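Q: Below is a structure I'd like to ask you about.
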Amino acid sequence: SLCTGKKNCTCLITTLILLLIGIAAWGIGFGLISSFRVVGVAIAVGIFLFLIALVGLIGAVKHHQVLLFFYMIILLLVFIVQFSVSCACLALNKEQQSQLLEVGWNNTNSARTDIERNLNCCGFRVFDPNETCSSDCFRSRQCQPCAPIIEEYSGMILRFVGGIGLFFSFTEILGVWLTYRYRNQKDPRANPSAFL
């Protein structure tokens, strides 16, 4: 297999990046996400992390200490951000989740339209028949508000995302440790009498 030895963490990160880009493309393909900004950010983060993983892979194959140093520093920064976001996802209580959802609802129109269409609801806290809505229930004027539906799943989703993020943040710190550990090793192809 290609993913062996020192390159193991880099291959794992590359696989996760390709999954991130694939999930974003899948969301667009099935019409679950129509916001270009959300998909664009997911794809940009995936491409950035892919480039970082490529730097780590090249540094490991070529025994290039400078590339491995930059890979280690950037991976440490990604770990700090990902660990912080994961802990924040796990620490939010119901009231904070509700406030966060309401702020998100009020600040975006494209996501609001997607949510109303996919969950078949209208409005956030109350259904107002005078407002426009893209859900199927709007024609019959028998819609329920979206907040109870969203709040039912938000806690579960935040715990899932926080747990997955926490797990992969520890694989990143493992990558930082392995990079630190193997960065100063001699290149086995180099002249044995050469000074490192």
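Q: Report the convex hull volume per residue for segment 39-196, counting only C-alpha atoms, in Å³.
A: 115 Å³
Q: Okay, moving on. Which whole-number percent gives the relative contact order of segment 88-182, counting Cα pairs below 8 Å spaced six or more residues apart?
A: Here the relative contact order equals 28 percent.
Bear in mind these aren't lab numbers, they're just calculated from the coordinates by the rules spelled out. As the structure is a computational prediction, the values presented were derived from the model and not from experiment.
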